[in-house]
């Protein structure tokens, strides 16, 4: 698997249909991204999150070049913590370990290229499959905010998970 920068003109058509309903969309983006995904609005969204947070979008490709995932990375220079966000795997490819591999590659990018001391991400507590994926990648719970996000008649908790550089590299800083 490889990570490479997301290119709207080349990659959008691969990912646009991965989010098929409003619940999945809310789980993925906390309703920050437009739904349904439309090219111009998604481009505007990516520009906004870059301008506001420094988020850079990437795609993950399988060894044969097939796009299997999407993820954004940013760094907070004040805390020297990186943030992974908008993690999405092609539904047809789930269960193949691509989510774990993509998150590990993104964490490695954050540690090696962004020089982060830690990498964090958020996941809704009702998204148990994603949470288990992140745990298998080496993330641990830092804190949970109960009922942080309303969706319909539900209230989802938000779990912040972290991976420290020394843990990623087996105790080495």
In the range 9-18, how many residues are outside any helix (DSSP H, G or I) and either out of contact with any strand residue (DSSP E or B) (no Cβ under 8 Å at 6 or more places or on another chain) or loosely packed, with under 13 Cβ neighbours inside 10 Å (or both)? 2
Determine whether residue 77 is farther than 19 Å from residue 123 by Cα and more than 13 Å from the chain's Cα centre (by Cα). yes
Pairs under 6 Å by beta carbon, first residue within 18 Å of residue 63 (Cα to Cα) in the range 91-111, partner modelled with pLDDT of 95 or more and assigned to a helix (DSSP H, G or I), six or more apart or different chains? 99/133; 100/133; 100/136; 100/137; 103/137; 104/137
When you scan the range 96-173 for strands (runs of 3 or more DSSP E) that lie fully inside it, which ones turn up with 2 or more residues that are surrounded by fewer than 19 Cβ atoms within 10 Å (Cβ to Cβ), modelled with pLDDT of 95 or more and touching a helix residue (DSSP H, G or I) at 6+ places or on another chain (Cβ under 6 Å)? none
I'd like the full set of residues that are surrounded by fewer than 18 Cβ atoms within 10 Å (Cβ to Cβ) and outside any loop (DSSP other than H, G, I, E, B), limited to the range 51-95. 51, 52, 53, 56, 76, 91, 92, 93
If you scan the range 37-50, which residues turn out to be surrounded by 14 or more Cβ atoms within 10 Å (Cβ to Cβ) and either part of a loop (DSSP other than H, G, I, E, B) or on the phi > 0 side of the Ramachandran plot (or both)? 37
Search result, residues across the range 85-105 that are touching a strand residue (DSSP E or B) at 6+ places or on another chain (Cβ under 6 Å) and under 17 Å from residue 18 (Cβ atoms): 85, 86, 87, 88, 89, 90, 93, 98, 99, 102
Filter the range 19-36 down to residues that are out of contact with any helix residue (DSSP H, G or I) (no Cβ under 6 Å at 6 or more places or on another chain) and outside any helix (DSSP H, G or I) and give me whichever is surrounded by the most Cβ atoms within 10 Å (Cβ to Cβ). 30
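The values are calculated or read from the model by the stated rules, or taken from the named source; none is laboratory data. Just so we're clear, the structure is a prediction, and the values are computed from it rather than from any experiment. All Cβ positions, glycine included, derive from the backbone under ideal geometry; neighbour counts span all protein chains shown.
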